[in-house]
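As structure tokens, the structure follows; a few thoughts come after it.
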Amino acid sequence: MPYDRLVQVGRVAYVAYGPNKGKICCITNVIDQTRVLVDGPSSHVRRQALNIKSLHLTKYVLKLLPGARSKTVKTLWDKDDINKKWQETRWFKKMQAKHLRSKMTDLDRFKLLHAKQAYSRILNHEYNRLKKKNKVQLSSKTKKVKRRKFVAKSQRIANKFNIFAKAAAPAGKKK
């Protein structure tokens, strides 16, 4: 099944636009292909018919019968603690952050910019300090290897098979 959030009785939905924008409600009945009857007694959405296009479906579903009364919806809503679950979602938190950002003044944006810069400066300073400390520790642990002198390939082969064997001892010094 490609979709896991279906328009169904008991589905909790977010109202994307209209007079109740930003509130969540529960689908209590499907009127036709384009409209549903919603109710949100705990979120202050009155019982009304809404277009499906104005709803965003959430992952929460209440066990309701079609056309359930507001009292029944409220009881199940509070029992399942939908408001608390909704406030813990990333979706809700992102909307809250977006709302906060839209309410920021020019001075608030300036303060945020400088706070981010200070945070980044502290983070980079600490990272570089630890990196330098780790480099010093690693260099002290590793033994230093004497670098090999470059020898041409032909010379290595000659040395391997003693083709040009050096004289054991020079006869004398020439003047």
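The values are calculated or read from the model by the stated rules, or taken from the named source; none is laboratory data. Quick caveat, the model's predicted, so the values are computed rather than measured. A quick note on method: Cβ atoms are made from the backbone with ideal geometry, for glycine too, and the neighbour counts reach across all protein chains shown. For accessibility, only protein heavy atoms count, side chains too; no ligands or nucleic acids. Shrake-Rupley method; radii C 1.70, N 1.55, O 1.52, S 1.80 Å.
With protein chains left intact and a 1.4 Å probe, residues in the stretch 25-75 average 58 Å² of accessible area per residue.
Exactly which trypsin sites (Lys or Arg not before Pro) in the stretch 1-101 are in a DSSP loop and have at most 10 other Cβ atoms within 10 Å? Those that pass, being in a loop and sparsely packed, are LYS21, LYS63. In the chain, the sites counted are chymotrypsin sites (Phe, Trp or Tyr not before Pro) in DSSP loop states with at most 12 other Cβ atoms within 10 Å, and the longest stretch holding none of them, exclusive of the sites, is 18-149.
Solvent-accessible area of the chain (1.4 angstrom probe, protein heavy atoms only): carbon and sulfur portion equals 57 percent. Considering all different alpha carbon pairs of the chain, the Kirkwood hydrodynamic radius works out to 23.5 Å. In this structure, the pairs whose alpha-carbon distance is over 32 Å, taken from LYS21/LYS79; LYS63/LYS94; LYS93/LYS131, are LYS93/LYS131. Please grab the % of Cα pairs in the stretch 11-81 that end up more than 18 Å from each other. Roughly 27 percent, once rounded to a whole number.
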